[in-house]
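Okay, structure first, notes after.
The values are calculated or read from the model by the stated rules, or taken from the named source; none is laboratory data. For clarity, every value in this text was computed on a predicted model and none was experimentally measured. Counting neighbours? That spans all protein chains shown, and the Cβs are built from the backbone with ideal geometry, glycine included. Please note that ligands, DNA and RNA were not included when accessible areas were found on the heavy atoms of the full protein model with its side chains. Shrake-Rupley method; radii C 1.70, N 1.55, O 1.52, S 1.80 Å.
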2 protein chains.
Amino acid sequence: MSTEIPAATKAPAAAEKTKKPVNAQKQLKKSKKNESQFLLKTPKGTKDWSDKDMVLREERHGGVTIDTPVFELREILTGKYGEDSKLIYNLEDQGGELTSLRYDLTVPFARFVACNSIASIKRYHIAKVYRRDQPAMTKGRMREFYQCDFDIAGSYESMIPDSEILAITCEGLTSLGINDFKVKMNHRKILDGIFQACGVKEEDVRKISSAVDKLDKLPWEAVKREMTVEKGQLEEVADKIGEFVKVSGSIRETLGYLQNASLLADNASAQAGIAEMEQLADYVEALGIEQHLSFDLSLARGLDYYTGLIYEAVTSASAPPKNADELKARAKKDSKEKDVEDASEYVGVGSIAAGGRYDNLVGMFSNGKSIPCVGISFGVERIFSIIKARAAEKWETLSPTHTDVYVMAFGGGEGWTGFLKERMTVTKQLWSSGINAEYLYKAKANPRKQFDAAEKAGAKLAVILGKEEFPAGKVRVKVLGQGDDTNEGELVDSETFLEYVKDKLATYDEGGLGAVTRMVKNL
Amino acid sequence: MSTEIPAATKAPAAAEKTKKPVNAQKQLKKSKKNESQFLLKTPKGTKDWSDKDMVLREERHGGVTIDTPVFELREILTGKYGEDSKLIYNLEDQGGELTSLRYDLTVPFARFVACNSIASIKRYHIAKVYRRDQPAMTKGRMREFYQCDFDIAGSYESMIPDSEILAITCEGLTSLGINDFKVKMNHRKILDGIFQACGVKEEDVRKISSAVDKLDKLPWEAVKREMTVEKGQLEEVADKIGEFVKVSGSIRETLGYLQNASLLADNASAQAGIAEMEQLADYVEALGIEQHLSFDLSLARGLDYYTGLIYEAVTSASAPPKNADELKARAKKDSKEKDVEDASEYVGVGSIAAGGRYDNLVGMFSNGKSIPCVGISFGVERIFSIIKARAAEKWETLSPTHTDVYVMAFGGGEGWTGFLKERMTVTKQLWSSGINAEYLYKAKANPRKQFDAAEKAGAKLAVILGKEEFPAGKVRVKVLGQGDDTNEGELVDSETFLEYVKDKLATYDEGGLGAVTRMVKNL
């Protein structure tokens, strides 16, 4: 119902993450003139969301939804994120409890399950999370960003919830028109078994796992150097690991490799993981999603709390660089403003969804009474930027408002009042019939200005109150946007115009992005 | 799609604000035994939202929506909330900018308008705001709570946007089934004019206004005492004010009183306000909402930034107490746990929506380049609790999930596999057709358990895979919830069952709260 679309929504490209907002630049110039005034902008690493952005974020993945507080007791978050704990935002101690902003939606979910003694739940949650990272606005990393999580908690038949989460991931992405994605999978028990079998000591397993985790951003040579030079593993241990982590393929292919790997034959952890992956292979075939999946032994995932299956959805845009040169070139391309000194610091677009099984997290909050959990986090902004880029053309024509009818008055000359009150009354009649309608907030306005406003609002029909026609009990209904200015519309009875307008509107189908929006809402 | 509804969503009454959550009590007992473990709960003054709660919060009032960061630069909030600034939540200084959680949605909106150099916008925003208040959980006051704001910024014909905001307020509430409300209105220019004309010095106007603002919670004697004893006004000044602030009625009635008030005849501020209220009287009649409005000279509103029309929607439940005794009795009734020592500290449910015109706020952020604004904040939780109380019976039957079909397997005896993979495949077919479906995550489950799970999920149909029937290419479709256990359903072809299921589902109409939900979503 906006009469004028603000600059930021009219030209969404100008407000993209890839550019410094125009107004921040203006402000910057202003503040040089007047040093005492502070720079007017959103805090570092945060941004405003305008309407067009929000339309596509209304995903729904079934299940119940919950909404937890934006801050949690600090102790709840402590010790859950390893090294990244330093990125947690603390609230100031103003007396009372110590609290921090949530870092993800998984730990609050586990706290929620424990807190309410829930035995089983499927829930989705779309909300903002907070990380006091050094925001690289050009790389899509923010301090405040949305995640959409779907998790299943409860004791169920082995690998059944896991396969459902994978189905939800695939359905979620394909229904958004993203088809060129792969869900890379691995299993923590297999990975840990490989490390053990290759000779990594128990206490080194997590840090070697964290080195392997970098294979999506760094070439093998760099990861091997981290294992040997920085993390003290023997060259032959690293080389053995290297043999395993280069294996990827369909579930059946990688399973075949693992079943024949004599090094793992006696490793209990690896064999337990292999048995679970065999079950999973059956289930993803039943669900018909196996073509999207790849079983990739290099996938490790950073967080400590995963205990079983782990996965990460990547699009072709986020495929790992083949070697150091490609990495460096890519980093350089993405960071237009400065030269890239240290390419190993560079983090690409990364995964668009990721998750895994975490069977022990709820137990940390409930005196050890554990509830098995498995879940997926969609990176809403990343997915959104892919959709937006692909639909760029249609995007421009998408009106952020949903005005169907614009109510106008035509007249002039002596005794012309502008029909302001009459336009209000007619608009109210449309509102009361559930029709989105607007009128210009001016006592007298010329037809050109009213048509311009109607166009900006994306109105489909004009209802026109003519100086002579309206007092005679008639209004004119004109179809807009047909590039035919000579078309005068239909003169209809004021008593029955609502029915006429409804019939006219019923002939419209949104199509294009409107259809996408509806699809997302129904997900 | 949840197979088992958690206790918290099954029995929403147990999770009400009026009770301490059962689990917090359990935790409290536990923590006495084990002092070293911290109390597991959400932070003081915050709560978890479960699905049933969220269904009704999806209001839409047209316009574009924006979503601003949950924290703002501290300087943006400073000096906007008067005495209540002490309630602002600060983030810890961990290096970098000083930030605070937003206190309302109005100041971030004004910052947004200024920041993006917007000339005009209509926006709605549904989001949480933060006040480090002493939460009185029994009185519906939280530290984190939702507001739904609708604002119009831009230079328009006088009182036109104001009357549209009033129409939105009335429509919003009536469409939620709330009809017994009044929107009390007043005008800051009239109020200030009255204070001047009664002999209040310019520098005392705001604090006397703040005393008058308490008339919705305190009887006149208490307010008069505050004006004279605490705020140093002469008794005769207070008495003159007292004559004005007891006046309320329809817009035309109160206007008539003001037009005849000789004390105001020469007061420029009051006359400017009266002229605007005369325009408004015309417009609200054109919009057909005058029956909901009352022009009440005792309404003052706390915030300093209002410059013109102010208003507050109250229901019969939040009418002001007639005298000190009624106030005390009401306070006592609402606070069951402790005796009320000082009734003047008591704050009732209060308004369910409030707002006004604030023409100078944007200017504070843009070097004085002001954009006139007017808006309304709906108190989402308060409105929600009214709806919930009125719909209590239907509420219990409202399923938080939207499962339409439950896929089951019946069989047993030798060679019975439980059809787990087959149930997955059939469920996936339903998902792919856009139908919400579930199945039990057990390899073999007896019919009773499957029917119980279907009932919990609120499923309308069961699709049953029989041990002999399914291999013969047939599934059984049974209508659920008809209390007729002998009904065996229809045996249909596996190839065409999707069409059959769709046709069956098409005959259902949600009705009741489902209809309310749709209405709210379309608002």
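Which one of B:300, B:275 is away from every other protein chain (no Cβ under 14 Å), buried (at least 22 other Cβ atoms within 10 Å of the Cβ) and either assigned to a helix (DSSP H, G or I) or touching a Ser or Thr at 6+ places or on another chain (Cβ under 6 Å) (or both)?
Being away from every other protein chain (no Cβ under 14 Å), buried (at least 22 other Cβ atoms within 10 Å of the Cβ) and either assigned to a helix (DSSP H, G or I) or touching a Ser or Thr at 6+ places or on another chain (Cβ under 6 Å) (or both) holds for just one of B:300, B:275, which is B:300.
I need a count of the residues in the range B:445-488 that are at pLDDT below 90 and open to solvent by 70 Å² or more (accessible area, probe 1.4 Å).
Number of matching residues: 8.
Kindly indicate whether any position in the range A:138-147 is at pLDDT 90 or above, assigned to a strand (DSSP E or B) and either open to solvent by less than 40 Å² (accessible area, probe 1.4 Å) or away from chain B (no Cβ under 12 Å) (or both).
no
Could you look through the range B:430-452, keep only residues that are assigned to a loop (DSSP other than H, G, I, E, B) and not aliphatic (A, V, I, L, M), and pick out the one that is farthest from the other protein chains (Cβ to nearest Cβ)?
By that ranking, first place goes to B:446.
Which number in (1) more than 9 Å from chain B (Cβ to nearest Cβ); (2) assigned to a helix (DSSP H, G or I); (3) open to solvent by 10 Å² or more (accessible area, probe 1.4 Å) marks the one condition that residue A:171 misses?
With (1) more than 9 Å from chain B (Cβ to nearest Cβ); (2) assigned to a helix (DSSP H, G or I); (3) open to solvent by 10 Å² or more (accessible area, probe 1.4 Å) applied to residue A:171, the lone miss is (1).
Counting only residues that are more than 7 Å from chain A (Cβ to nearest Cβ) and at pLDDT 85 or above, give me the strands (runs of 3 or more DSSP E) lying completely in the range B:41-130 with at least 2 of them.
Hits in the range B:41-130: B:99-101, B:121-130.
Just to check your reading of the model, which residue among A:344, A:370 is open to solvent by 40 Å² or more (accessible area, probe 1.4 Å), modelled with pLDDT under 95 and assigned to a helix (DSSP H, G or I)?
A:344
Picking from A:267, A:260, which residue would you name as being buried (at least 20 other Cβ atoms within 10 Å of the Cβ) and either farther than 30 Å from residue B:419 by Cβ or acidic (Asp, Glu) (or both)?
A:267
Going through B:166, B:176, B:191, B:105 one at a time, which residue ends up being aliphatic (A, V, I, L, M), open to solvent by 10 Å² or more (accessible area, probe 1.4 Å) and under 28 Å from residue B:316 (Cα atoms)?
On inspection, the qualifying residue turns out to be B:176.
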